[in-house]
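Structure, as structure tokens:
Nothing in this text is a laboratory measurement; each read-out follows from the coordinates by a stated rule. Predicted model only: the values in this text are computed from it and were never measured. Because the Cβ atoms are built from the backbone with ideal geometry, glycine has one as well, and the counts that use them run over all protein chains shown.
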Amino acid sequence: MGIWCNPRRRSRHRLLAAVALVAVACSVAAADKLFDFGNLNVDLSKIQAKPEQAPAPVKQAPDQQLESMPASPAPQVLPKDAEVAIDATVQREQLTVAPVKVAPASAGEQQVLYPVTEDRAVIEVKIAAGSEKRGWFEAAAERFMADPAQNNIDGKPIRLIIDKIGSIKSGMLIRDGKSMQGGRNEYQVWAPASSIFRSVVEDAFSGGKLFETDESVARSPMVFVTWAPVQERIDSVVQKSMSFDTITDIYARELTGDVLGPEGRIYQFGFTEPGSSNSGAVALITMAYEFFAKDKPRYKIRPTDLENPDFQAYLAFMKYMSDQSKTSTGKLAEPLMQAGYGGQPLSTVYVYENLAVKLAYIRAANDPNGAKPVIRYPRFNLISDHPYYVLRHGNSREQVEAAKRFKDFLLSRDMQLIALQTEGFRPVSTEITNEEMNQVFGDFVRDNGLIPDLIKASQVLVPPQDGGVIRALIDTYDQLGDPEGANL
């Protein structure tokens, strides 16, 4: 990847230099990060485009779309997928942990305050957005505020501020009333990575509608990304599709001296801190679902499940064995983008698909002959729907209107293309053609295991879970201490 000097001063959409010129890219000061996440000047579609071919005509309606993307493989099913390691590991390793009492869900105590009088000269819209969307939102905000047809209401200019903050962390600030400053809300939009936590925030309020909008602005399934040498060993030795059960199996083997990694390298798995980041919370939900659902695909996790001693021991085991030091998914993916295989300790990470696409692109550009990151879709998956919640509480009518206007701007064809081409998000607009999708994702299907067809991507989709249970699950996880076991 070419890394521009002073990336903040250049257009996000300026094309990268040719990969052959990477070696002569501008030098980076020792104190600077090699890759400044969220400020990546990369247009993914251009590396797929064939220069000898004319661009495909744009089709505006779904029934006019061009030929489909490359045929997706069927969901990967490996020989030992039916062999569950979670229960066996808990029993064989005699895993125990000091029990945590699950606290009952708290009822909402805040009254929705709307509208607040708009007495300021500038209509400010501050958006709490996960790190995975910051780059796209910032690029869109620049265009929005530069457009005279968009950037004012009743003569007052609109100022958009993108606050990169973990989805769960920002949701808790709103839920607990900590986003209110002097009778006004600090945030006008909550844009988490998924809607899993919506009810937790919404249930804390009464006396009116909290959210003015709740539309999805992009999609990205969760994926495991593993370096190719490690993934090859998992496929041949463990012989299971990627899931938290598979990771449990890998850890259990290492406890008995069966090191899986190439050259005796210890296997390291990372996901984000569940109390701060949506992807970490999704990891916990999926762990709980895998533990309890078994052959019940519509299973809903119950509050009583969370006090199951074997389940708490399992969660404590995963917490003890894995890395959850990063508070956002972007921070988790960034070291892999910078250093590649061998340059950092993690073997596998649990991230959004769009970050996996970025990782694959950057490593191919920086080290085309090095180990590839392999994308594997979890056997049990949640699709992040990236909702855009306009908050009424503590905000003015003008702020709500400006926030809604920016939402419509994000859903426009041009902004959806930017989300696809520069960030690797799957667009929600039907105005984006399959051919345009193929220009971005095509090579990643062959080289890194991306699956275009979301219906085929995973064996089971985890059903929606109760928001109160999710909050209790995160709280329980936070309180768990280190486990004890036969080989720990």
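Which FRET efficiency value, to the nearest 0.05, do you get for Glu307 and Gln344 by plugging their Cβ-Cβ distance into 1/(1 + (r/R0)^6) with R0 = 35 Å?
The pair Glu307/Gln344 has a calculated efficiency of 0.45.
I want to make sure I understand the PRE zone here: with the label point 7 angstrom from the Cα of Asn152 toward its beta carbon, which residues in segment 395-437 have backbone N atoms less than 14 Å away?
Those under the cut-off are none; the list is empty.
Once phi is turned into θ = phi - 60°, what whole-Hz ³J(HN,Hα) does the Karplus curve with 6.51, -1.76 and 1.60 give for every residue of segment 198-207, x standing for Gly and Pro?
Taking θ as phi minus 60°, the curve returns 4, 5, 4, 6, 5, 5, 7, 10, 9, x Hz for segment 198-207.
Which of the trypsin sites (Lys or Arg not before Pro) across segment 118-220 are loop residues per DSSP, with 16 or fewer other Cβ within 10 Å?
Arg120, Lys178, Lys209
Over 26 Å between C-alpha atoms is what I'm after, so list which of Lys164/Lys456; Lys80/Lys133; Lys372/Lys456; Lys240/Lys372 land there.
As for pairs spanning more than 26 Å Cα to Cα, those are Lys164/Lys456; Lys80/Lys133.
Read phi for every residue in segment 406-418 and hand back ³J(HN,Hα) as whole Hz from Karplus 6.51 cos²θ - 1.76 cosθ + 1.60, θ = phi - 60°, with x for Gly and Pro.
5, 4, 4, 5, 4, 8, 5, 4, 4, 6, 5, 5, 4
Less than 22 Å apart at the alpha-carbon level, and either on another chain or at least 8 residues along: which lysines does that give for Lys101?
The qualifying lysines are Lys300, Lys319.
Would you work out if segment 352-488 is rounded, prolate or oblate? Take a ≥ b ≥ c from the square roots of the eigenvalues of the alpha-carbon gyration tensor; rounded if a/c is under 1.5, else prolate when a/b is larger than b/c, oblate otherwise.
In terms of gyration-tensor shape, oblate.
Given labels modelled 7 Å from the Cα in the Cβ direction, how far is it in nm from Glu83 to Ser236?
1.7 nm
Can you give the extra length, in nm with one decimal, that the chain gains between Val112 and Gln91 once fully stretched, where that is 0.36 nm per residue apart less the Cα-Cα distance?
2.7 nm
What's the Cα-based Rg to Rh of segment 183-334, Rh via Kirkwood?
Using Cα coordinates only, the ratio equals 1.03.
Along the charge dipole of segment 255-343, pointing to its positive end and built from +1/-1 on Cβ of Lys, Arg, Asp and Glu, which listed residue (Phe317, Thr272, Pro303) has its Cα farthest out?
In segment 255-343, that residue is Pro303.
What whole number of Å gives the distance from the Cα centroid of segment 381-438 to the Cα centroid of segment 118-135?
Segment 118-135 and segment 381-438 have Cα centres spaced 14 Å from each other.
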